[in-house]
Every structure is written in C-alpha cells, then in structure tokens.
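Okay, so here's the structure we're looking at.
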Amino acid sequence: MQVYLVGGAIRDGLLGLTVGERDWVVVGATREELRSRGYREVGRDFPVFLHPTTHEEYALARLERKVAPGYRGFEFRFGPEVTLEQDLSRRDLTINAIAQATDGTLIDPYGGRADLESRVLRHVSAAFTEDPVRVLRVARFAARFAPLGFTVAPETLELMRTIVVRGEVDALVPERVWQETEKALRAPDPARFFSVLRECAALGVIYPEIDALFGVPQPAEWHPEIDTGVHTLMVLTQAARLAAEPAVRFAALVHDLGKGTTPRELWPRHHGHEERGARLIEDLASRLRVPNEYRELALIVARQHGNVHRAFELRPQTVLELLERADAFRRPERFAQALLACEADSRGRTGFEERPYPQRQYLLAARAAAAAQKPLAAEIAGRDGAAIAQQLRRQRQEAIAAVRGEQPQPG
C-alpha cells in the first residue's frame, strides 16, 4: 500500500499559493484493507475514504471508461493492480496530474510542472473530451489563475469545442453548472470564465442570455466600447474590483440581459430593457436553480440601475420611491450591494474605469437619513395609520432633500 498526495495541493504548493484541502490516492490496496485501518468509506460512485484522524479524503487508484453520455456516464475500475500513472492519466489538466510521495518526491508523468512554469492549462489526454464538466472546470481555472498569466492551450480549447459540438454540454445538470459558476464568480478574474466559455462556443449553450449580448450595439456617446457583451464583461471585471461577494458580481453580470432582446430596428437604444432583463433573470435563476439571495439582488440591480445612475436628477420623492422599491429600509446591506453593482456598471465602460461615482454615497446617505426619521408623538396624536404614514414619508423626503444639498455631484 502506497499513499500519494495529489491534485490541487501539489499544484498550489508549486505556485506558491496557500494550500487548502489535501487529497490522497492509495495504490496497491483494497477497500477491505482501508476499512481495517479505520478509514470510513463515503464515496458514492467509487471508493473514497476519510482518514480516521485527519478526515482528509483518500481514494483508491482507479481507471474510468465512458459508457454513456453526460458527466455521469462512466464505469470505474479500481483495485491494487491500478498504477499511480494510470490514475493520474484520467485527470483533466496536466497541472492537476502531479503526485507527491511520502518522501517528497514528485511524480509528474504528463508534464504538469513544465505547464505550471509556462502558465498553460493543458489537457492530459484525449479522454478529456469524455467529461463535459471539464469545459466548466477549465474556464474556472482560467478565471482563478488569470492574474498569474495562465492561458488555455489552443489544442485544449479545440477539444472543449469538440465537447460542445457533440452535444455533451447539454447533459450538464443545473446544480453542477451553478456550482462551477459560483466558484468562478469568487475567482480573481470572473470575466475570464465567461470569455473562455464563449471561445469554445459553450456560452451559447449554458448561458444563452449572456451570449446573446455580444454583437448588440449601444449608444457610443455613453458606451464607447459599443458592444453590450464587451460591456457586460467589463462590468463584471469592475465588480470584482469593488466587491468580493459573488452575489454582487452575479448582479453585475446579468444587469443588462434585456438588451439582448431589443429588436434590431431599435438599436442602439434599449428602451424598456430593465423589465425585459428582470424576466430573463427569473428564467435563468429558475433553470440553474440560482440561490434566492443572488436572484433577488440581481433583480433589484436590473430594474433600478438606470435610476441609480440618474440619482442626482431625481426629486426627493422619486429617490424615496427608489429606496422603497429596492427594499432599502428593511434590507440595507443588500441595498449597499446593489449600489456596488451599479457603480461597476458605470465604471465598466471604456474610459470610465477610474471615474468617481458619487451616486453610491449619496444614496447610502439618503437611505440613512430617511431611515432615521421618526414622527414625534405630538405629530401623530389622534391620527390614523394612513396619516401617520404620510407624515413619515414627508419627513423622509425632507431628510433626503437635506442630504441632496450636501452631496457633491458628478463634474
């Protein structure tokens, strides 16, 4: 029985990154032997065990064979006769196919260290095309390692296109698509995830609402980059600069989906895209089972980003209505997140990347001032509920007007 450290722990250690979870592969052993040593079996499709003290995952070396479409269509073979090299051969990328023996020796039969040095994401073998999840994983690794200069090898990108052409991507289950997407949204360069999917033609299958934005023009006066798809990825990049929360980044990503459904004869204007976009977000969230916190924030941003941008042009009454529609008084944290996504939208334009966005601070101050208003007992004595509500709204509007006079406006 031989035990090797494998996968991400080796890769990240060689890159000088913090090592998180550690995975192990066991060669030359049986299930019964691991059980006798106190390991607890937890694998569903193949033998994976938890170490009796560290609780880290140990898997028996295995081979796999494609027997049906989709990412679950595999037959596994495991046992003491399977070698380490055979186990590593089934992995997706060379940089994930490196193992380390207990004495520290690295086993690298597929050139993973060279690809780490060259900053290349490259498949291990032609078997790469058997699992459609690998399209998502490669795109996610591209998003994670983009700041280090990693690129996808052209031949790997071509295999990803092959997976799409074969229709394998269609078999991806919603939960797995969202799982990989959420991880990508947490990555340093989440826009790279979507650009890689587009390069291999997977974006139109997995996220057709986003793919439809490319080639759709916007007024050059406000959008020097013109293309709505380009703008969308620029907005996502700015959101990654402004906020670590993946929900903010998701809201930034989908804020303009409605522009993809604007009739061509109306281009480059997109009147009414906000509500059209909200309907598309609902559809997307339902299809991929996106968590409610993501969906609700995205809907607020889709519907209100235009009003937020025009905040200094709005009357206090209209600002109050904006706060109410965004549920800003009950959910101030979420409202603050929505404003970050709106700022990302403003900055996600060619030449606007470093422009100040005083609208965010103004609306945060307006919400705080309005929320602090409490009618005095003498003001509401003997009044019914409707009159009290009217009194509160009047006070809130006055508070917003006072804040408005104190705020610097865009120059």
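Within segment 178-201, how many residues are among the polar types (S, T, N, Q) and touching a Phe, Trp or Tyr at 6+ places or on another chain (Cβ under 7 Å)?
The initial filter retains those residues of segment 178-201 that are among the polar types (S, T, N, Q), namely 179, 181, 195.
Narrowing further to those that are touching a Phe, Trp or Tyr at 6+ places or on another chain (Cβ under 7 Å): none.
So the count comes out to 0.
Of all residues in segment 248-279 being buried (at least 23 other Cβ atoms within 10 Å of the Cβ) and among the basic types (Lys, Arg), which is nearest to residue 334 (Cα to Cα)?
249
What are the residues in segment 210-230 that are under 18 Å from the mean Cα position of the chain (by Cα) and either in the same structural domain as residue 349 (by TED's automatic domain parsing) or not charged (D, E, K, R) (or both), if any?
Taking segment 210-230 and keeping what is under 18 Å from the mean Cα position of the chain (by Cα), we get 210-211, 213, 229-230.
Once the filter is applied, which keeps residues that are under 18 Å from the mean Cα position of the chain (by Cα) and either in the same structural domain as residue 349 (by TED's automatic domain parsing) or not charged (D, E, K, R) (or both), segment 210-230 yields 210, 213, 229, 230.
Quick one: would you say residue 71 is modelled with pLDDT under 90 and either over 25 Å from residue 108 (Cβ atoms) or over 32 Å from the mean Cα position of the chain (by Cα) (or both)?
Details: modelled with pLDDT under 90: yes; either over 25 Å from residue 108 (Cβ atoms) or over 32 Å from the mean Cα position of the chain (by Cα) (or both): yes.
Yes: the conditions hold for residue 71.
Name the single residue that is farthest from residue 260 (Cα to Cα) among those in segment 218-232 being touching a Pro at 6+ places or on another chain (Cβ under 9 Å) and not in a loop (DSSP other than H, G, I, E, B). Walk me through it before giving the result.
Residues of segment 218-232 that are touching a Pro at 6+ places or on another chain (Cβ under 9 Å), as a first pass: 218-220, 223, 226-228.
Keeping just the survivors that are not in a loop (DSSP other than H, G, I, E, B) gives 227-228.
Values: 227: 11, 228: 8 Å.
Of everything passing the filter in segment 218-232, 227 is farthest from residue 260 (Cα to Cα).
Tell me which of these residue 334 doesn't satisfy, since it passes every other one: (1) in contact (Cβ under 8 Å) with a residue 60 or more places away in the chain; (2) in contact with an Asp or Glu (Cβ under 8 Å, 6 or more places away or on another chain).
Here residue 334 clears every test but (1).
Hey, could you check segment 360-369 for residues that are surrounded by 22 or more Cβ atoms within 10 Å (Cβ to Cβ) and of a type outside the set (A, V, I, L, M) and say which is nearest to residue 222 (Cα to Cα)?
The first filter runs over segment 360-369 and keeps only residues surrounded by 22 or more Cβ atoms within 10 Å (Cβ to Cβ), leaving 362-363, 366-367.
Imposing the further condition that a residue be of a type outside the set (A, V, I, L, M) reduces the set to 362, 367.
Details: 362: 22, 367: 28 Å.
Looking at the filtered set, the residue picked out is 362.
When only residues in segment 18-51 that are of a type outside the set (Gly, Ala, Ser) and touching a residue at least 40 places away in the same chain (Cβ under 8 Å) count, which is surrounded by the fewest Cβ atoms within 10 Å (Cβ to Cβ)?
The initial filter retains those residues of segment 18-51 that are of a type outside the set (Gly, Ala, Ser), namely 18-19, 21-27, 30-35, 37, 39-42, 44-51.
Filter once more, keeping what is touching a residue at least 40 places away in the same chain (Cβ under 8 Å): 25, 27, 30.
Details: 25: 21, 27: 19, 30: 15.
Only one residue tops the list, namely 30.
Out of the residues in segment 2-17 that are assigned to a loop (DSSP other than H, G, I, E, B) and touching a residue at least 40 places away in the same chain (Cβ under 8 Å), state the one that is nearest to residue 62 (Cα to Cα).
Looking only at segment 2-17, we keep the residues that are assigned to a loop (DSSP other than H, G, I, E, B), and these are 7, 15-17.
In the following step, the residues that additionally are touching a residue at least 40 places away in the same chain (Cβ under 8 Å) were identified as 7, 15.
Values: 7: 14, 15: 27 Å.
Once the filter is applied, the top-ranked residue is 7.
Residue check: is residue 161 within 13 Å of residue 203 (Cα to Cα) and either in contact with a Cys (Cβ under 6 Å, 6 or more places away or on another chain) or surrounded by 15 or more Cβ atoms within 10 Å (Cβ to Cβ) (or both)? Give the steps one after another, and end with the answer.
Values: within 13 Å of residue 203 (Cα to Cα): yes; either in contact with a Cys (Cβ under 6 Å, 6 or more places away or on another chain) or surrounded by 15 or more Cβ atoms within 10 Å (Cβ to Cβ) (or both): yes.
Here the answer is yes, as residue 161 does meet what is asked.
If I filter segment 117-131 down to residues being modelled with pLDDT of 95 or more and in a loop (DSSP other than H, G, I, E, B), which single residue comes out as farthest from residue 96 (Cα to Cα)?
That would be 119.
Of the residues in segment 335-357, how many are of a type outside the set (Lys, Arg) and surrounded by fewer than 16 Cβ atoms within 10 Å (Cβ to Cβ)?
Our first condition is that a residue be of a type outside the set (Lys, Arg); within segment 335-357, this holds for 335-346, 348, 350-354, 356-357.
Restricting the remaining residues to those that are surrounded by fewer than 16 Cβ atoms within 10 Å (Cβ to Cβ) gives 350-351, 353-354, 356.
So the answer is 5.
The values are calculated or read from the model by the stated rules, or taken from the named source; none is laboratory data. From a predicted model like this one, the values you see are computed outputs, not experimental measurements. With ideal geometry, Cβ positions are generated from the backbone for all residues, glycine too; neighbour counts draw on all protein chains shown.
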